[in-house]
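Q: I'd like to ask you about the structure that follows.
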Amino acid sequence: MRMVDLIEKKRDGHELSTEEINFIVKGYTDGSIPDYQVSALMMAIVFQGMTEKERADLTMAMVKSGDQIDLSQIEGIKVDKHSTGGVGDTTTLVLGPLVAAVGVPVAKMSGRGLGHTGGTIDKLESVAGFHVEIDNKEFIKLVNKNKIAVIGQSGNLTPADKKLYALRDVTATVESIPLIASSIMSKKIAAGADAIVLDVKTGAGAFMKTLEDSRELAKAMVRIGNNVGRRTMAVISDMSQPLGYAIGNALEVKEAIDTLKGEGPEDLTELCLTLGSYMVYLGNKADSLQEAREKLEQAIQDGLALEKLKVFLSSQGGDASVVDDPGKLPQAKYQFELEAKEDGFIAEITADEVGTAAMLLGAGRATKESSIDLAVGLVLRKKIGDQVKKGESLATIHSNFEDVSEVKQKLYDHIKISPEKTTAPILIHEAITE
Ligand code: URA
Ligand code: CA
């Protein structure tokens, strides 16, 4: 097989065979096919697209390019959730204990954050003593015992995707639905998921800014999953404004605790119940979405979900007393209120810009090497659609330095107040279940 022939074939709009896709992915991973030929192929794919069969083949070729996590020793259907990324997205912290409380095994492999705010591990590490450096055996034992454990990313997962994503990043070929969909799905499958629930974000703070693109991406991922034997469902949810109120690591842990107590923000609670229902349904712990939702609501009411969080934290060395006393979480030295400059209604809280404001405080990493401050961040006091009076607080800024004028300016620029009544955005646009 010659790579140049395969580039030509795709350029002219023909379908690549399974063998051809395997040849390309293997050759690129081992270095026998050079960057420039793969770049040309990626650009051809951007214009010609990929058939459903090609997408499934590409996904599985990337899965097989490295280690695959074996979770077969864990009882039950391992359902993983993936979010395409948002600002102040506290869902993983809530969903883990919540679905574990109704018996769905949560075997989560997680990473650290880059950009806007921390990742799940960063957030969890704001609980004193909590650590994810456990070996595979311990991980599996904990999931079987408690139904939940989190382990740091280890091993050589989907090296083909890592290399391709880096190449696409510098060749203007990231923006291709088949390539994005295969990239995301390959990582979930290599990490051992039997079934997958996707939270595809849409809006200013999301990777996909329009509903049409988000829908197309969601459909593409659901098809890939089902075509390769992993039941997959997707929800398209709003990321025009941050989810919940808190943005920042320890602040989001507190928000997750509140939500598991049944006292969380309305939008975060609703999204968790929706995604959680799909997880419980796919995990065969309920016969319908309605029954799944009722079980989750019950677990919150009975305190089982909160209890599960305590067991989870203490099993991995964490001080579970923070659950009853969130004041023990890292606290910033200063709190400043962002006072509204006029009367009106909140029209916009641009998610990515507000995320960047939290990053300026130290809540997120600018580069992989930067350290983050777990205590700092923002707590919104208003969301889109809320009425506000001049002088009222729009947000509380939690900071470890005194001069927050740059952060304030950024927030004023991106929290827009309108004299006319505004309405809250739709939280859940649609579900794609095939
Ligand atoms: N995120 C991914 O993991 N892969 C892509 O290709 C784009 C976004
Ligand atoms: Ca939040």
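Q: To one decimal place, what orientation-averaged projected area in nm² is obtained for the convex hull of the Cα set of segment 297-428?
A: Details: hull surface 43.0 nm².
Result: 10.7 nm².
Q: While we're here: Measure nothing but the geometry: give the 0 to 90° angle between the long axis through the Cα atoms of 405-414 and the longest principal axis through the Cα atoms of the chain, rounded to 10°.
A: Approximately 70 degrees, to the nearest 10.
Q: Mind putting a number on the dipole of segment 294-391 about its Cα centre? Charges go on the C-beta only, +1 for Lys and Arg and -1 for Asp and Glu, and I need it in Debye to the nearest 20. Numbers along the way, then the final one.
A: Numbers: 13 positive and 17 negative charges, 39 e Å.
The calculated dipole for segment 294-391 is roughly 180 debye.
Q: Cut-off under 19 Å on the C-alpha distance; same-chain residues fewer than 8 positions from Lys10 excluded. Which lysines are left, in chain and number order?
A: Lys26, Lys53
Q: Continuing with the same structure: Straight distance only, please: which aspartates and glutamates reach the Cα of Lys421 with their own Cα at less than 16 Å, same-chain residues fewer than 8 apart left out?
A: Qualifying aspartates and glutamates at Cα under 16 Å: Glu342, Asp343, Glu348, Asp386.
Q: Helix 211-227: angle to the longest alpha-carbon principal axis of the chain, degrees 0 to 90, nearest 10?
A: In the chain, helix 211-227 runs at an angle near 50 degrees to the longest axis.
Q: Here's a follow-up. If the label point is 7 Å along Cα→Cβ of Asp343, which residues in segment 384-400 have backbone nitrogen under 12 Å from it?
A: 388-391
Q: Heavy atoms of the protein only, probe of 1.4 Å, neighbouring chains included. What is the accessible area of Asp413 in Å², nearest 10?
A: Looks like 80 Å² after rounding.
Q: Considering only protein heavy atoms, with the full assembly of protein chains and a 1.4 angstrom probe, order Leu289, Leu251, Leu179 by accessible area, largest first. Working shown, then result.
A: On the way: Leu289 65, Leu251 30, Leu179 5 Å².
Sorted descending by solvent-accessible area, the residues read Leu289, Leu251, Leu179.
Q: Per-residue HN-Hα couplings for segment 139-145, Karplus 6.51 cos²θ - 1.76 cosθ + 1.60 at θ = phi - 60°, whole Hz, x for Gly and Pro?
A: For segment 139-145, the Karplus curve yields 4, 5, 4, 5, 5, 5, 7 Hz.
Q: Among Phe345, Ser370, Leu329, whose Cα sits farthest toward the positive end of the charge dipole of segment 328-434 (+1 at Cβ of Lys/Arg, -1 at Cβ of Asp/Glu, about the Cα centre)?
A: Of Phe345, Ser370, Leu329, it is Leu329.
Q: At a 10 angstrom cut-off on C-beta neighbours, averaged per residue, how do the peptides 292-298, 64-70, 394-400 rank from highest to lowest? Don't skip to the answer; put the middle values down first.
A: Values: 292-298: 19.4, 64-70: 16.7, 394-400: 21.7.
Ranked from most to least packed, the peptides come out as 394-400, 292-298, 64-70.
Q: Ok, one more. Name the residues whose placed amide hydrogens come within less than 5 Å of the amide hydrogen of Ala246, ignoring near sequence neighbours (fewer than 5 apart) on the same chain.
A: Leu380
Q: Can I ask one more? Report the Cα-based extents of the chain along its three principal axes, largest first, to the nearest Å.
A: 68, 48, 41
Q: Apply the Karplus curve 6.51 cos²θ - 1.76 cosθ + 1.60, θ = phi - 60°, to the phi angles in segment 20-35 and return the couplings in whole Hz, x for Gly and Pro.
A: Per-residue couplings from phi come out as 5, 5, 4, 4, 5, 5, 5, x, 6, 5, 8, x, 7, 10, x, 3 Hz.
Q: Could I ask something else about it? Could you put Val379, Val322 in order of accessible surface area, largest first, with the 1.4 Å probe and the full protein assembly present? Walk me through the intermediate numbers first.
A: On the way: Val379 25, Val322 5 Å².
Heavy-atom accessible area, descending, gives Val379, Val322.
Q: Between helix 177-190 and the chain, what is the angle of the helix's C-alpha long axis to the longest principal axis, kept within 0 to 90° and rounded to the nearest 10?
A: Approximately 80 degrees, to the nearest ten.
Q: Keeping every protein chain in place, order His429, His14 by accessible area at 1.4 Å, biggest value first, i.e. largest first.
A: Values: His429 65, His14 100 Å².
Result of the area sort, largest leading: His14, His429.
The values are calculated or read from the model by the stated rules, or taken from the named source; none is laboratory data. As the structure is a prediction and not an experimental result, all values here were calculated from the model. Note: ideal-geometry Cβ built from the backbone for every residue, glycine included; neighbour counts use all protein chains shown. Accessible surface areas use protein heavy atoms only, side chains included; no ligands, DNA or RNA. Shrake-Rupley method; radii C 1.70, N 1.55, O 1.52, S 1.80 Å.
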